[in-house]
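S.K.: Before we start, here is the structure in question, set down as structure tokens.
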Amino acid sequence: MSNNPLKSLNSLGQSVWFDYIRRDELSSGHLKQLIDSDGVSGVTSNPTIFEKAISGSSDYDAQIRKLVEAGESTPEIFEGLETEDIRNAADLFRPLYDRTEGRDGFVSIEVSPTLARNTSGTIEEARRLWKEVGRPNILVKIPGTAEGLPAIEQTLAEGININITLLFSNERYEAVAWAYISALEKRVREGKPVDRIASVASFFVSRIDTMADQQIDAKLATAKSADEKSRLESLRGKTAIANAKLAYVKFKEICASPRFQALAKKGARVQRMLWASTGTKNPKYSDTLYVDTLIGPDTINTMPAATLAAYRDHGKPRTTIEEGLDDARDTMKKLAAAGIDLAAITRKLEDQGVDSFAKDYEKLLAALAEKRKQYSPERQLAKPA
């Protein structure tokens, strides 16, 4: 085990990815430092991250000006900025990708969030981004919505690496895992290789506690006995971890299934579970809560900067993912008994996630449209000499 808790996670079978991208992370050498010093082995991005990076800095202004002068539309400008960052990050991780024979070293790029309910649009954009970025160690992110499932299966079957995002429920996770297996089976039937197809299932964590705890607090306000209050209080901050641990149980069952084992004999890799939304939102909980409790083989934890720093400082790495499974099942029973509908919570979170990413994408395009006006040749010509 390393003295650095982040690096120690690697020896326990868990990869550490950075849930952030911005041009100065690359140009300053900070991302390279995270790779060398902390064992960070991948990067995830989403529209919110890019919106903050592009709107909140001048890092991109020179390229925006060039793209405007080239007559690019606002969405084309965004794609030009995004693609450059993703390519450069992928190149930085390429030695790691090669060294691990395609197991790690990935950078994620997301299809437009406005396509989350559009199967054919998602397929088309995933193909285009895969071709445009042109790196073997990228993952195209597709939301795990009902409409996303056929797109996930189709694109994987075509040999595109896919990161399935916005997974909240065990049922949807299971559907995604079988979609991966079905896609690989199709490739085998067509005589195509399966040994370098990569996919991760991004299972969201902290947001579940945020919503479940709100419902628990609402019920506490009307609790009629000390016993009822005690039962409800004992459930605070337990839902998300229990949900994730039970998803990992399902992951192991699927990996052990005859269908996957037949593919493994042909070189197929497991579709690793990625814990997303692992920054602690409730200040009453440990700032490493969603790392400490979910450590185990064939997993990834994608951490925002604050969580990465906290774990480096005081993380206590040990395998924990299969600890307390009986407690996790008991938590689910108690939630149901208390009238808290986890299925309704996960549906609502998926809808909110889709809407939130779409709004951030539109916000980003609006900010770029303003910069486009600012740098338009007409505006430049109109300026006094």
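The values are calculated or read from the model by the stated rules, or taken from the named source; none is laboratory data. Quick caveat, the model's predicted, so the values are computed rather than measured. Virtual Cβ from ideal backbone geometry, glycine too; neighbours counted across all protein chains shown.
S.K.: Mind telling me which of the residues SER15, SER8, SER45 ends up being out of contact with any Cys (no Cβ under 7 Å at 6 or more places or on another chain), in a helix (DSSP H, G or I), in contact (Cβ under 8 Å) with a residue 40 or more places away in the chain and within 22 Å of ALA309 (Cβ to Cβ)?
M.R.: Within the list SER15, SER8, SER45, the selection yields SER8.
S.K.: Among (1) assigned to a strand (DSSP E or B); (2) touching a residue at least 60 places away in the same chain (Cβ under 8 Å); (3) not aromatic (Phe, Trp, Tyr), which single condition is ALA177 missing?
M.R.: Status for ALA177: all satisfied but (1).
S.K.: A further question on this structure: Is it the case that segment 323-337 has a residue that's of a type outside the set (D, E, K, R), under 30 Å from ASP38 (Cβ atoms), crowded, with 20+ Cβ neighbours inside 10 Å and at pLDDT 95 or above?
M.R.: Yes; the residues of segment 323-337 include at least one that is of a type outside the set (D, E, K, R), under 30 Å from ASP38 (Cβ atoms), crowded, with 20+ Cβ neighbours inside 10 Å and at pLDDT 95 or above.
S.K.: Right, next: Looking at ILE35, ILE21, which one is under 24 Å from TYR311 (Cβ atoms), in a helix (DSSP H, G or I) and either in contact with a strand residue (DSSP E or B) (Cβ under 8 Å, 6 or more places away or on another chain) or among the β-branched types (Val, Ile, Thr) (or both)?
M.R.: ILE35
S.K.: Hey, another quick one. Can you tell me which residue is surrounded by the fewest Cβ atoms within 10 Å (Cβ to Cβ) among those in segment 34-63 that are modelled with pLDDT of 95 or more and hydrophobic (A, V, I, L, M, F, W, C)?
M.R.: Per the stated criteria, the residue is ILE35.
S.K.: I've got another one for you. Quick check on segment 201-223: of everything there that is over 30 Å from ARG269 (Cα atoms) and of a type in the set (Val, Ile, Thr), which residue is modelled with the lowest pLDDT?
M.R.: Here the residue is THR222.
S.K.: So, in segment 240-280, exactly how many residues are in a loop (DSSP other than H, G, I, E, B) and of a type in the set (Lys, Arg)?
M.R.: Of the residues in segment 240-280, 3 are in a loop (DSSP other than H, G, I, E, B) and of a type in the set (Lys, Arg).
S.K.: Taking PHE260 as the residue in question, decide whether it is touching a strand residue (DSSP E or B) at 6+ places or on another chain (Cβ under 6 Å) and either closer than 25 Å to PHE18 by Cα or of a type in the set (Phe, Trp, Tyr) (or both).
M.R.: No; evaluated as a whole, the condition is false for this residue.
S.K.: With respect to the numbered conditions (1) among the polar types (S, T, N, Q); (2) crowded, with 17+ Cβ neighbours inside 10 Å; (3) over 25 Å from VAL111 (Cα atoms), which one is the sole condition not fulfilled by SER234?
M.R.: (2)
S.K.: Something else: Looking at segment 186-204, which of the residues that are farther than 15 Å from THR155 by Cβ and surrounded by 19 or more Cβ atoms within 10 Å (Cβ to Cβ) is nearest to the chain's Cα centre (by Cα)?
M.R.: By that ranking, first place goes to SER202.
S.K.: Okay, moving on. Looking at ASP36, is it acidic (Asp, Glu), in contact with a Ser or Thr (Cβ under 9 Å, 6 or more places away or on another chain) and farther than 30 Å from GLU322 by Cβ?
M.R.: So ASP36 does not fit the description; no.
S.K.: Another one. For segment 181-202, which residues satisfy the criterion of being among the hydrophobic types (A, V, I, L, M, F, W, C) and out of contact with any strand residue (DSSP E or B) (no Cβ under 7 Å at 6 or more places or on another chain)?
M.R.: ILE181, ALA183, LEU184, VAL188, VAL194, ILE197
S.K.: Looking at ALA183, ALA151, which one is small (Gly, Ala, Ser), buried (at least 20 other Cβ atoms within 10 Å of the Cβ) and either closer than 30 Å to GLU25 by Cβ or out of contact with any helix residue (DSSP H, G or I) (no Cβ under 8 Å at 6 or more places or on another chain) (or both)?
M.R.: ALA151
S.K.: From the list ALA226, ALA256, ALA244, exactly one residue is at pLDDT below 95 and of a type outside the set (D, E, K, R). Which is it?
M.R.: Result: ALA226 is the single residue among ALA226, ALA256, ALA244 that is at pLDDT below 95 and of a type outside the set (D, E, K, R).
S.K.: Among ALA126, ALA183, ALA198, which is the only one that is closer than 22 Å to PHE78 by Cβ and at pLDDT 95 or above?
M.R.: ALA126
S.K.: Ok, one more. Name the one entry in THR239, THR299, THR288, THR319 that is more than 24 Å from ALA344 (Cβ to Cβ), touching a residue at least 40 places away in the same chain (Cβ under 8 Å), surrounded by 15 or more Cβ atoms within 10 Å (Cβ to Cβ) and polar (S, T, N, Q).
M.R.: Selected residue: THR299, the only one of THR239, THR299, THR288, THR319 that is more than 24 Å from ALA344 (Cβ to Cβ), touching a residue at least 40 places away in the same chain (Cβ under 8 Å), surrounded by 15 or more Cβ atoms within 10 Å (Cβ to Cβ) and polar (S, T, N, Q).
S.K.: May I ask you to say which residue of LEU156, LEU166 is buried (at least 20 other Cβ atoms within 10 Å of the Cβ) and out of contact with any Gly (no Cβ under 7 Å at 6 or more places or on another chain)?
M.R.: LEU156
S.K.: Scanning for something at pLDDT 95 or above, assigned to a loop (DSSP other than H, G, I, E, B) and surrounded by fewer than 22 Cβ atoms within 10 Å (Cβ to Cβ), does segment 65-75 turn up at least one residue?
M.R.: So far as segment 65-75 goes, no, none of its residues is at pLDDT 95 or above, assigned to a loop (DSSP other than H, G, I, E, B) and surrounded by fewer than 22 Cβ atoms within 10 Å (Cβ to Cβ).
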